[in-house]
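Just so it is clear, none of the values below were taken in a lab; they were calculated from the coordinates. All of these numbers come straight from a predicted model, not from anything done at the bench. Every residue, glycine among them, receives a Cβ derived from its backbone with ideal geometry; neighbour counts consider all protein chains shown.
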Amino acid sequence: MSEIVLEIKSLTRRFGAFTAVDALTLSVNAGEVFGLLGSNGAGKTTTIKMLTTLLPPSSGEARVASFSITTQAVSVRRSIGYVPQAVSVDGSLTGYENLLIFAKLYDLPHREQQARISQALEFMGLTADGGRLVGQYSGGMVRRLEIAQATLHRPRVLFLDEPTVGLDPIARDAVWKLLVDMRAKYGTTLFFTTHYLEEAESHCDRMAIMHLGKVAALGTCKELETSLGGGAHTLSEVFVHYAGTALDSGGNFHDVSAERATAQRLG
Amino acid sequence: MTATFIHPLTAFIEKTFVITEFELRKLRHDFTELITRALQPALWLLIFGQVFSRSGAMHTGNIPYLDFIAPGILAQSVLFVAIFYGINVIWERDLGIVQKFLASPTPRAALVLGKGFSAGIRSLSQTAIVYGLSLLLGVKLNWSPLALLNVLLIVVLAATLFSTFSLIIACIVKTRERFMGVGQVLTMPLFFASNAIYPTDIMPGWLKVISHLNPLT
């Protein structure tokens with residue numbers, strides 16, 4: 001039985017009368033690649049925001065690396081890395097400076113900072129571009145730098161909200177190759193949301209499909225594909241079955257504009 | 001995990017300076033901001049100040065009009081830039097930068113104070129501009145080190161305070177449009193109800209009272 005690094009129990013978040021996340025319960029093992037799928041507005045981003053301590057839950061509890069997100073927020077923050085959906089590196093600083101500031105904010109020992117930054121730049125294939133302003137980077141480079149920044153302190157769990165949104169297929173593959181390598185090298189648990197089913201299929205150990213704030217289905221890709229009965233189905237069929245085909249799905253104006261803005265900035 | 005234990009207060013001060021350092025590093029890459037900051041005080045002193053100085057319409061006692069408005073223009077320009085500082089944070093929030101900082105173990109107050117302090121240091125550039133122009137226009141300046149230090153300290157402190165206030169407004173209003181509206185509503189009354197460009201003696205009684213309460217005065 002492997003160690004549980006993320007334990008979510010009846011986690012709920014309400015915005016007025018609307019329940020964005022409804023009694024979510026699931027656990028993720030250390031070193032696992034876990035995907036959270038669902039249509040826009042299903043509650044994926046709200047879930048990630050609660051787990052990264054950015055949004056307090058209305059009720060329920062979660063423990064990340066054995067720390068409570070409600071009572072031990074600072075310890076949780078030290079144990080995680082977070083790559084938000086929107087661009088999170090500063091275009092008016094160089095790649096190196098973007099990493100240096102996080103090395104300092106996460107209290108990396110002074111003598112280790114330079115080595116750690118060089119390693120991170122090398123790992124992400126950005127050594128030659130470390131001295132350039134991030135405003136001049138391509139979308140794929142920006143994402144790689146964001147991942148480097150979020151993992152400089154070697155977090156136990158890395159949360160990624162739509163890590164490949166707005167990237168072309170080549171840049172997407174490059175990002176995933178690095179994430180998979182990182183898991184192999186440091187044992188980082190990856191918890192991510194995505195709209196791309198093929199990414200979930202090729203990289204997830206397990207996944208959950210969220211619908212209206214609840215987990216509609218949970219398991220490995222194989223388990224989900226056979227869960228509908230009557231022989232194997234494609235993941236796309238499984239997704240439609242659980243996440244519904246409602247025409248009004250697709251999130252609210254804010255979600256959609258934020259996602260398109262990110263896609264435009266990276267693309 | 002390589003984090004070592006650091007006393008919370010030391011950590012707070014250290015993190016505040018880290019945030020300030022990186023805000024100031026941005027100036028190294030692009031200093032056009034410093035030039036645009038210089039524009040407004042230059043216009044007030046070179047055009048408004050010169051014209052009103054010649055017209056003799058403002059009675060400022062035995063002090064020449066330009067000498068009277070130079071410190072007012074410095075305070076005004078520092079205040080205006082500081083009050084609009086919060087818009088940066090709205091921009092960073094629309095991107096994901098703020099969220100990433102908030103998900104890090106950095107104390108919240110250090111994020112705000114660090115940014116505010118960097119705005120304080122940036123406003124030193126306006127001090128240099130106003131002193132330079134004043135020198136050019138023949139304004140009588142007090143060059144004693146103590147007086148200079150006093151000015152620098154007040155400028156940095158005022159800019160830090162007002163930009164921190166601006167960051168709070170930004171967190172409340174959340175959108176750029178609303179923020180610009182609030183900024184305008186704040187700056188214009190503060191400016192006109194102060195003794196920046198005319199003495200309080202010529203104001204009607206009710207305005208004098210407001211002017212005395214006004215931090216810009």
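Taking N as the residue count of the range A:1-56, its C-alpha radius of gyration divided by 2.2 N^0.38 Å amounts to 1.19. Rank A:L218, A:G230, A:S59 by how far each Cα sits towards the positive end of the charge dipole of the protein assembly as shown (+1 on Lys, Arg Cβ; -1 on Asp, Glu Cβ) and give me just the farthest. Positive-most Cα among the choices belongs to A:S59.
Treating the beta-carbon of each Lys and Arg as +1 and of each Asp and Glu as -1, no other charges, what is the dipole magnitude of chain B about its Cα centre, to the nearest 20 debye?
So the magnitude is around 260 debye.
Stokes-Einstein D for the protein assembly as shown at 37 °C, 0.692 mPa s, Kirkwood Rh over Cα pairs, in µm²/s? Write out the running numbers ahead of the final one.
Values: Rh = 25.2 Å.
Answer from the Stokes-Einstein relation: 131 µm²/s.
Checking every one of the chymotrypsin sites (Phe, Trp or Tyr not before Pro) in the range B:19-119 against DSSP loop status and a limit of 12 other Cβ atoms within 10 Å picks out B:F31. For chain A, the tally of Lys pairs with Cα-Cα distances below 19 Å comes to 6, considering only residues 8 or more apart or on different chains.
Annotation: average projected area of the range B:1-77 is 8.8 square nanometres, based on the convex hull of Cα atoms across all directions. The range B:144-160 and the range A:1-25 have Cα centres lying 52 Å from one another. Taking every alpha-carbon pair in chain A and binning the separations at 5 Å intervals from zero gives 1, 6, 13, 17, 19, 17, 14, 8, 4, 1, 0, 0, 0 percent. If r is the Cβ-Cβ distance from A:S2 to A:K177 and R0 is 22 Å, what FRET efficiency results, to the nearest 0.05? Efficiency, rounded to the nearest 0.05: 0.35. With N counted as the residues of chain B, its alpha-carbon radius of gyration over 2.2 N^0.38 Å works out to 1.15. Compactness of the range A:26-178, taken as the C-alpha radius of gyration over 2.2 N^0.38 Å, stands at 1.07.
Given the options A:L160, A:I170, A:T71, identify the residue whose Cα lies farthest towards the positive end of the charge dipole of chain A (+1 on Cβ of Lys, Arg; -1 on Cβ of Asp, Glu). Value computed over the given set: A:T71. For the segment A:90-96, counting C-beta atoms of other chains within 10 Å of every residue's C-beta and taking the mean gives 4.
Placing unit charges on the Cβ atoms only, positive for Lys and Arg and negative for Asp and Glu, gives chain A a dipole magnitude near 740 debye about its Cα centre.
Taking R0 as 35 Å, what's the FRET efficiency between A:E237 and A:K185 from their Cβ-Cβ distance, rounded to 0.05? Each step should come with its number before you reach the end.
On the way: r = 35 Å, r/R0 = 1.01.
Rounded to the nearest 0.05, the efficiency is 0.50.
The slack between B:R54 and B:L124, meaning 0.36 nm per residue of separation minus the straight C-alpha distance, is 22.3 nm. Just checking the listed ones, B:A159, B:A57, B:A110: in the Gaussian network model of chain B with Cα springs under 10 Å, the one fluctuating most is B:A57. The spacing between the range A:51-113 and the range B:7-26, judged by their C-alpha centroids, is 16 Å. Largest GNM mean-square fluctuation across A:L105, A:L133, A:L158, computed for chain A with C-alpha springs under 10 Å, falls on A:L105.
Spin-label model, A:F15 to B:W91: label points 7 Å out along the Cα-to-beta-carbon direction sit 2.6 nm apart.
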